Amino acid sequence: MKSLSYYFISLIELERLRQLVVQKIRENNKLDELLNQLDIKIALLVKNSITLDEVIAVANSKKQLRRLSQLNSQYGPYTLKALDKESRRRVESYQQMFYLLQTQPAYLARLFFVMNKTRVSEKIKKIIEGVVLTLFGYAQNAREEYLLLKLFQRSIMEELESVDSLQEFLRGNFMFMKLVVYYNR
């Protein structure tokens with residue numbers, strides 16, 4: 001009888017300790033999230049993307065930590081604030097790639113030229129058109145509009161280099177022309 005009561009007391013103690021461990025794990029996770037968020041803010045500060053006041057506000061705000069926890073539970077592990085160092089490095093690489101695609105029109109112009117010559121399906125062309133328009137933000141601000149126009153210019157030059165006459169160019173059904181139509185709308 002004594003051993004049975006001792007067994008139940010041990011189980012109760014074990015459950016209490018388990019709850020304590022779970023609580024400590026949650027606290028550690030919150031602190032880890034805060035640390036990751038501060039790493040992001042420090043990296044942005046170094047890049048002069050945010051002010052020092054914003055970094056200090058994040059460091060001193062427990063409300064921000066609670067909001068981050070709510071965002072993570074609401075949107076899952078794919079929010080920018082929940083990124084670990086490797087994921088942030090990957091995001092920065094994508095940012096650099098998108099910047100390059102925007103500022104160096106030769107890449108996309110060559111893609112359009114190759115797609116036109118290889119007779120890619122309309123479905124794939126529609127996907128590429130959507131990606132390109134999204135990449136340039138549908139030319140909603142002056143910078144993106146300028147970069148999109150530079151892409152059109154480079155695409156025209158790319159196509160003109162491959163045609164024998166101006167008539168052939170005027171009869172052509174080029175991919176960038178569909179983007180020009182979307183742009184004009």
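Values for this structure:
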item: Cβ-defined net charge surrounding Leu160, 12 Å radius [Lys, Arg +1; Asp, Glu -1]; result: -4
item: Relative contact order %, segment 94-184, counting alpha carbon pairs below 8 Å whose residues are six or more apart; result: 38 percent
item: Overall form of segment 94-184 per C-alpha gyration tensor (a/c, 1.5; a/b vs b/c); result: prolate
item: Across Lys117/Lys178; Lys126/Lys178; Lys150/Lys178; Lys24/Lys85; Lys123/Lys178, pairs whose alpha-carbon gap is larger than 18 Å; result: Lys24/Lys85
item: Surrounding net charge for Val120, when Lys and Arg each add one and Asp and Glu each subtract one, Cβ distance under 12 Å; result: +3
item: Net charge of neighbours whose Cβ lies under 14 Å from the Cβ of Val132, counting Lys and Arg as +1 and Asp and Glu as -1; result: +3
item: Exposure proxy order (Cβ contacts within 10 Å, fewest to most) of Phe112, Phe152; result: Phe152, Phe112
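Rule-based calculations on the coordinates, nothing more; no lab input. This one's a predicted model, so the numbers in the text were calculated from it and none came from an experiment. Cβ: placed from backbone, ideal geometry, glycine included. Neighbour counts: every protein chain shown.
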